[in-house]
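Taking it in order: structure first as structure tokens, then the write-up.
Throughout, read-outs are computed from the coordinates displayed, never taken from laboratory work. Remember, predicted model here, so these are calculated numbers, not experimental data. All Cβ positions, glycine included, derive from the backbone under ideal geometry; neighbour counts span all protein chains shown.
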Amino acid sequence: MFGDFNLASPYPAYARLRQGPPLVWDADFCGGAWLVHRHGDVQAALRHPDLSVRRVGGWVSQAGAHPSPRLQTFKGLLARTLVFLDRPRHTRVRRVVNAAFSAKALDTLHGTIEKRVAQIHLGLENKLQHGSADLVDEVCRPLPALVMMDVLGLQQLPLSVFQAWSEQLARFIGQATPDQPLLMDTQDALLDMADFLGNSANLQEGGLAWRLLHDKQLSLQGRRERLAQSCMLLFAGYETSRHLLSSLFQTLLDDCTKQQDLLSNPQKIPAAIKEVLRHDSPIQYTARRLMQDQHWHGQHLRKGQLLLLLLGAANRDPEIFAHPDELDFNRNNQAELSMGHGIHHCLGAGLVQLEARLTLEQFLPLLPRLQLSQGERIQLPAYRGWNRLSVQYRALPS
């Protein structure tokens, strides 16, 4: 099914899936997986207690790397991050980090993010005075990185280093079957990240990373589990946000009608963000592993097999969303699944949408003056976003 998968436009492949059975076995993707594409099935699987998120060992073994102490440390760190924990361990760890992303915590971050957006906006306008600029490099990459550094308390971390670490992890997690060189590069990136986060001299005392490492009141077990959560937050809080921001910019630059709609009706901005999340989900799929044999839609699913939950397909299920291929800022999007569902619903969903809202509020008046000259999509099957969005000021009419 995914042999002819087009990363530039996966939605025709999802439409073909909908013409067939609700479960499709793909022997090649991820070493063999059941493709789950209907909204109701994806939503049910996301909250199913007998499906596991643990899959780090499978990635490592598929890459065929030789065992080593560094590889074991890498596996141990990645497997302890919240996104790869099942209950009850997941419940214990999530309770620790939830407070940092509560409504109250986001209120305190509001002013900080606004200042970051204003600084970036000014820098972009200055650059555009001298020619073209890349919205991804100037806005979509630095903003979520700087915000996550603010959240964690990492003033000593160079922005370029943070971006290199996070994007290396994205290349690993975003590939269906990572090879050995990719695994080794990712191992080095994660261990370098952990070394930095494990050095108190790099952490703002009282900041989130410092508390995760040192606060004995937190119900975290061992140094590796503590470091793993800081690593996870540093990475996960960056990738989803940068891809959403790039999709928002591309969408609005490509559709002047939508652009004018938001300029005239700024109260629609939150709904527009939710609609872009649904229409072009930053995360196209996630996975679960069967912990026991099951029968589902007449198929016998065996313990250990992988379910690939196609979020991008579920978000365009016509049984849930009328005219799903249309971008409609008036749509009710309570059912969209871009940020997951159930206990693994994205911890930073509120922060991601706050960043997007504050960015649009400041950048919308600039967009009618910009012309998109070149765009380049990222080439990872798990993610949707842009590597490059080159813009310049529109020529003034003579």
* Structure fact -> For Lys303, the aspartates and glutamates lying under 13 Å Cα to Cα, once residues fewer than eight places off in the same chain are dropped, come out as Asp50, Asp293
* Arg18 paired with Tyr393, simple spin-label distance in nm, labels 7 Å along Cα-to-beta-carbon -> 4.4
* Structure fact -> Of Arg226, Arg278, Arg116, the most mobile residue in a GNM of the chain (C-alpha springs, cutoff 10 Å) is Arg116
* Structure fact -> the chain, Gaussian network, Cα under 10 Å: of Leu366, Leu347, Leu146, the residue fluctuating most is Leu366
* For the pair Leu191 and Lys127, how long in nm is the line joining their label points, each one 7 Å along Cα→Cβ? -> 3.4
* Structure fact -> For the chain, the charge dipole (Cβ of Lys, Arg +1; Cβ of Asp, Glu -1; about the Cα centre) points to a positive end, and the Cα of Cys140, Leu327, Leu213 closest to that extreme belongs to Leu213
* Structure fact -> For Ala335, placing the label point 7 angstrom along Cα-to-beta-carbon and taking segment 23-55, residues whose amide nitrogen sits under 17 Å are 37-47
* Structure fact -> Non-local residues with an amide H under 5 Å from the amide H of Leu370, with H modelled 1.01 Å from N and Pro and chain starts lacking one, are Arg394
* For segment 223-265, list residues with backbone N below 17 Å from a point placed 7 Å from the Cα of Ser200 toward its Cβ? -> 223-224, 226-227
* Structure fact -> Across 20 Å bins beginning at 0, the whole-percent shares of Cα-Cα pair distances in segment 2-393 come to 27, 60, 13, 0
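Determine, from the Cβ-Cβ distance of Gln292 and Ser61 and an R0 of 25 Å, the FRET efficiency 1/(1 + (r/R0)^6), rounded to the nearest 0.05.
Details: r = 21 Å, r/R0 = 0.85.
Plugging the Cβ-Cβ distance into 1/(1 + (r/R0)^6) gives 0.70.
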* Structure fact -> Quick calc: nm separation of the 7 Å Cα→Cβ label points for Thr73 and Gln155 -> 2.9
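For segment 2-393, with only Lys/Arg (+1) and Asp/Glu (-1) charged at the beta-carbon, what is the dipole magnitude about the Cα centre, in debye rounded to 20? Can you show the working numbers first?
Working: 41 positive and 38 negative charges, 271 e Å.
It comes to approximately 1300 debye.
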* Among the lysines, select those whose C-alpha is under 24 Å from the C-alpha of Lys258, and discard any that sit fewer than 8 residues away in the same chain. => Lys268, Lys274
* Part-to-part distance (alpha-carbon centres) for segment 55-105 and segment 278-347, which is given in Å -> 22
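Mind checking the full-extension length gain between Asn265 and Lys303? Use 0.36 nm per residue of separation minus the Cα-Cα distance, one decimal, nm. Mind dumping the intermediate values first?
Values: separation 38, 0.36 × 38 = 13.68 nm, distance 5.09 nm.
Length gained, Asn265 through Lys303: 8.6 nm.
Express in nm, to one decimal, how much length is gained between Gln221 and Ala349 on full extension, taking 0.36 nm for each residue of separation and deducting their alpha carbon distance.
On the way: separation 128, 0.36 × 128 = 46.08 nm, distance 2.57 nm.
Contour length minus the Cα-Cα distance gives 43.5 nm.
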* To do: Select from segment 300-398 those GluC sites (Glu not before Pro) which occupy a DSSP coil region and have at most 12 other Cβ atoms within 10 Å, ordered by residue number.
  => Glu319, Glu326
* Asked: At a Förster distance of 30 Å, what's the computed FRET efficiency of Ala44 paired with Leu327, Cβ-Cβ distance as r, to 0.05?
  -> 0.65
